[in-house]
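Heads up: the structure comes next, in structure tokens.
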Amino acid sequence: MSAKGLEVIDHTVQLTHEWINELRERLSWASARDALRLLRVTISAIRDHLSHDEAAEFAAQMPILIRGMCYEGWKPSSTPIADRSIGNFLGRIEREISGVADYEGHEDIRAVFHLLNGRISAGEVADIRGGLPRTIREFWPEP
């Protein structure tokens, strides 16, 4: 039992650390902070390519803290975005993680997809991938 009686908060903190640590290990990065940054910008980029309903279903599969990060800065009236090209998708992520010393390229973004494949239900991953443009869907490895 939580010392404060707020088990739901303790649990989401634990799950969030599990997601971040798994991603950091997949990437072989030293910094959990940088792994979280990559996760955050990647899920935001995915979110902005989805319908509002699908974005909500995507976020519902995440720990509460990560779900909040997914919604942070979201402008529903501007989504789904008009330029749904793979170049725009990858470029946005890379611009937002500029300065991350360990970032080595697109394979690091794929590591986020592998994390999502293992942490989100297969049905939801299929729905999310189905809502993305073909080029981005092809970039995201199947579970």
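The values are calculated or read from the model by the stated rules, or taken from the named source; none is laboratory data. Owing to the predicted nature of the structure, the values given are computational and were not obtained by experimental measurement. Cβ atoms come from the backbone with ideal geometry, glycine included; neighbour counts cover every protein chain shown.
Of the residues making up the range 66-79, those that are in contact with a helix residue (DSSP H, G or I) (Cβ under 9 Å, 6 or more places away or on another chain) and over 16 Å from residue 42 (Cβ atoms) number 1. So, residue 77, is that one touching a residue at least 24 places away in the same chain (Cβ under 8 Å) and of a type in the set (S, T, N, Q) or not? It is false that residue 77 is touching a residue at least 24 places away in the same chain (Cβ under 8 Å) and of a type in the set (S, T, N, Q).
Taking the listed residues 53, 34, the one that is of a type in the set (Asp, Glu) and more than 26 Å from residue 101 (Cα to Cα) is 53, with no other qualifying. You will find that of 56, 35, 45, the residue that is without any contact (Cβ under 8 Å) to a residue 12 or more places away in the chain, within 28 Å of residue 130 (Cα to Cα) and in a helix (DSSP H, G or I) is 56 and no other.
Of all residues being basic (Lys, Arg) and at pLDDT 95 or above in the range 1-41, which is surrounded by the fewest Cβ atoms within 10 Å (Cβ to Cβ)? Just the residue, please.
Narrowing the range 1-41 to residues basic (Lys, Arg): 4, 24, 26, 33, 37, 40.
Checking the rest, the ones that are also at pLDDT 95 or above come to 24, 26, 33, 37, 40.
Numbers: 24: 21, 26: 16, 33: 11, 37: 18, 40: 18.
Result: 33.
Residues in the range 80-91 that are without any contact (Cβ under 8 Å) to a residue 40 or more places away in the chain and not in a helix (DSSP H, G or I): 80, 81, 82, 83.
Within the range 95-111, restricting attention to residues that are among the aliphatic types (A, V, I, L, M) and over 16 Å from residue 132 (Cα atoms), the residue that is surrounded by the fewest Cβ atoms within 10 Å (Cβ to Cβ) is 101. Only one entry in 67, 84, 92 is modelled with pLDDT under 95, surrounded by 12 or more Cβ atoms within 10 Å (Cβ to Cβ) and basic (Lys, Arg), namely 84. As a summary of the residue check, residue 94 satisfies the conditions (1) over 17 Å from residue 117 (Cβ atoms); (2) outside any loop (DSSP other than H, G, I, E, B); (3) touching a Ser or Thr at 6+ places or on another chain (Cβ under 9 Å) except for the one numbered (3).
Please return the ranges of helices (runs of 4 or more DSSP H) entirely within the range 104-143 where 3 or more residues are more than 21 Å from residue 88 (Cα to Cα) and touching a residue at least 12 places away in the same chain (Cβ under 8 Å). Steps first, answer last, please.
Numbers: elements: 106-119, 122-130, 134-139.
By residue number, 106-119, 122-130.
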